[in-house]
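A quick write-up on the structure given underneath.
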Amino acid sequence: MSSYIPTREEAFQLLTRYNQNDALVKHALAVEGVMRYFARQRGEDEEKWGIIGLVHDLDYEKYPDEHCRKTEEILEENGWPREYIRAVISHGWGICTDVEPQTELEKILYAIDELTGLVVASALVRPSKSVMDLKAKSVKKKWKEKRFAAGVDRSIIEKGAKMLGMEVTDLITNTIMGMREVAEEIGLK
């Protein structure tokens, strides 16, 4: 059992080694911000939650057809703790892995991954192009328009919220709050 714990710096270097696409890096930073926010809300390890959020789509740019499986390989090669690897690959449950989210961390990652995309899209159609003045009700309004951010699988968000015992509106509000903390880095200030 490895006692190695990756630093945020090491996680970011790994992310950018495998991802040059600006949108994918910004998505990783958004998910990291939301994971850190949720960790603080729950009195959990913010660094660990953030790092897992940061690398969750590590393989997506270079190996989209092997999503999650390739990340597992890369993280194992780099000596990452099994708990981190499991958490990362659980976000692909029912899509590209059969690893069901079980911990609070895993369930939140599963629930907010797609949701950050919907929040970004909702922010970009606002006059401010910002998450700073975005409210959950605006996201909920866009939610109903199936052609809006059509790539976002709303059923995953709903399933994630249910796993967490949260209302979708509360999940959206918390996701927005987490993204506000990294608004500058993700270009939505």
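Values quoted throughout were computed directly from the atomic coordinates according to the rules given, and no laboratory measurement underlies them. Since this is a predicted model, take the numbers as computed values, not measurements. Heads up, the Cβs are rebuilt from the backbone with ideal geometry, glycines too, and the neighbour counts pull from every protein chain shown.
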Peptides ranked, highest mean first, by Cβ atoms within 10 Å: ranges 44-54, 62-72, 17-27 = 44-54, 62-72, 17-27
Give the relative contact order (percent, whole number) for the chain; include only Cα pairs under 8 Å separated by 6+ residues.
-> 24 percent
Farthest toward positive dipole pole in the chain [+1 Lys/Arg, -1 Asp/Glu at C-beta], among Phe148, Thr175, His67 | Phe148
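What translational diffusion coefficient, to the nearest whole µm²/s, does the range 1-103 have by Stokes-Einstein, given a Kirkwood radius computed over alpha-carbon pairs, a temperature of 37 °C and 0.692 mPa s viscosity?
Translational D for this selection: 241 µm²/s.
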Considering the chain as a Gaussian network with a 10 Å cut-off on Cα pairs, which listed residue, Met166, Met179, Met35, attains the greatest mean-square fluctuation?
-> Met166
Length added when fully stretched, Glu9-Gln41, from 0.36 nm per residue minus Cα-Cα | 9.2 nm
Cα extents of the chain per principal axis, largest first, Å, are 47, 35, 31
Work out the length of the dipole vector of the chain about its Cα centre, built from +1 on the beta-carbon of each Lys and Arg and -1 on the beta-carbon of each Asp and Glu, and round it to the nearest 20 debye.
-> 1180 debye
